Amino acid sequence: MRGSPLIVLDAGSGARRLGQDCAKREKGFNPLSSDARHNDELHFFLSHVHWDHVQGFPFFAPAYVPKTRMFFYEHGCAPTAIQDTMKTQQRHPNFPIEFQVLPSEVVFRELPAQFFSPVQVGAAYVAAFPVRHPNGAFGYQIKTDGKAFVFATDNEHGDALNPVLLQAAQNADMLYYDAQYLPEEYPKRINWGHSTYEWGVCTALAANVKTLVLGHHEPSRDDFGLAKLLSRAKGFAASQVRKKENRGKQLEVKMAYDGMVCEM
Ligand SMILES: [Zn+2]
Ligand SMILES: [Zn+2]
């Protein structure tokens, strides 16, 4: 039985769990069985190839299922081809199974050279745009059924709202934004390619976004630290909404976590 095409954004450590979810966590699931039910058409849109965004792929179970088809979307302007990175990270002796011998079908596609030119995946349209990050990275705007989701991880805010990101996020139902640092931590991390909840809130309000999801958490921050960050972000959003220029706007702020499911 064929599943619907699935759009996958990045392939960090969460890719392992996603692979299990694709297999519907069936009891006794045998990936080699021809009746196994799973999403067998997967479309990978990667922000960039820094290791935290690709390291989960070797543990992504559907890649080992012969009938799976995986599409990877390359950016012609990126400094490194995704294909090269995927092959390198599984090259002997790094991993027992090389990328080239995966039993699934792998197809590399080039994205349109023009940013904001959508490609169709099932009923969805996915458009890429650049974000600010060392060696470059990309965000994605996904539209389907009159709803819009924008993925903007690994974006450094700079000293003014990013007009490209504002264009991408305009009236979006949900914006995923890089909020790795607290505002007081950021000055020691300039040019590391990440941002803060304050810039996420300001971007979301300026673009009239409904829900802001904070992610790309600082690895050394524990759950208590993240809860504090979320509480501060909500307080900051409430203070911003009271400003004259944001009159009439509302913004829900959420914190991304493992296994989170959001409906728009
Ligand atoms: Zn990065
Ligand atoms: Zn990253």
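Legend: distances between Cα atoms for Lys210/Lys243; Lys67/Lys147; Lys143/Lys254; Lys143/Lys249; Lys87/Lys143; pairs beyond 26 Å are Lys67/Lys147; Lys87/Lys143. If you take the square roots of the eigenvalues of the alpha-carbon gyration tensor of region 59-164 and sort them as a ≥ b ≥ c, do you get rounded (a/c under 1.5), prolate (a/b over b/c) or oblate? The shape class here is oblate. Between Arg109 and Glu184, the C-beta separation translates, for a Förster distance of 25 Å, into a calculated FRET efficiency of about 0.05. Solvent exposure of the chain, expressed per residue, is 51 Å² of accessible area, with all protein chains present and a 1.4 angstrom probe. Spin-label model, Arg69 to Trp51: label points 7 Å out along the Cα-to-beta-carbon direction sit 3.4 nm apart.
Remark: spin-label model distance Tyr125-Ser4 equals 1.8 nm, labels positioned 7 Å along the Cα→Cβ axis. Helices that extend 18 Å or more along their long axis by alpha-carbon positions and average at least -1.0 on the Kyte-Doolittle scale are, among the DSSP H runs of the chain, 223-241. Hey, if you put +1 on the Cβ of every Lys and Arg and -1 on every Asp and Glu Cβ in the chain, which of His53, Tyr177, Met86 ends up farthest toward the positive end of that dipole? It is Tyr177, whose Cα lies furthest towards the positive end. Please compute the net charge surrounding Phe59, taking Lys and Arg as +1 and Asp and Glu as -1 over other residues with Cβ under 12 Å from its Cβ. Neighbour charge sum, excluding Phe59 itself: +2. When each of the peptides 233-245, 128-140 is scored by how many other beta carbons lie within 10 Å of its residues on average, the order from highest to lowest is 128-140, 233-245.
Here the Karplus curve 6.51 cos²θ - 1.76 cosθ + 1.60, taken at θ = phi - 60°, turns the phi angles of region 67-80 into couplings of 8, 6, 10, 10, 10, 10, 9, 8, 9, x, 8, 6, x, 10 Hz, with x standing for Gly and Pro.
For Phe72, the amide hydrogen comes within under 5 Å of the amide hydrogens of Phe44, Val107, Phe108, Arg109, counting only partners 5 or more places away or on other chains and with H modelled in the peptide plane.
Per-residue 3J(HN,Hα) values for region 170-179, derived from phi via the Karplus relation 6.51 cos²θ - 1.76 cosθ + 1.60 with θ = phi - 60°, read 3, 6, 5, 6, 8, 10, 8, 10, 6, 10 Hz in sequence order (x marks Gly and Pro).
Computed over every Cα-Cα pair of the chain and binned at 10 Å starting from 0, the pair-distance distribution P(r) comes out as 7, 29, 35, 22, 7, 1, 0 percent. Once the Cα-Cα distance is subtracted from the 0.36 nm per residue extended length, the Val164 to Arg247 segment shows a gain of 27.5 nm.
Using a 1.4 Å probe over the heavy atoms of the protein chains, calculate the carbon and sulfur portion of the accessible area of region 113-264 as a whole percent. Ligands and nucleic acids excluded, carbon and sulfur reach 52 percent. A simple count of charges around Ser117, restricted to other residues whose Cβ falls under 15 Å of its Cβ and scoring Lys, Arg +1 and Asp, Glu -1, yields 0. Taking Cβ atoms as reference points and 14 Å as the exclusive limit, the residues near Asp145 contribute a net charge of 0, counting Lys and Arg as +1 and Asp and Glu as -1.
Its alpha carbons considered, region 121-264 gives a radius of gyration followed by a Dmax of 14.5, 43 Å.
The values are calculated or read from the model by the stated rules, or taken from the named source; none is laboratory data. Everything numeric here is computed off the predicted structure, so don't read it as measured data. Positions of Cβ are backbone-derived with ideal geometry, glycine not excepted, and every protein chain shown enters the neighbour counts. Side chains are part of the model used for accessible areas, which takes the heavy atoms of the whole protein and leaves out ligands, DNA and RNA. Shrake-Rupley method; radii C 1.70, N 1.55, O 1.52, S 1.80 Å.
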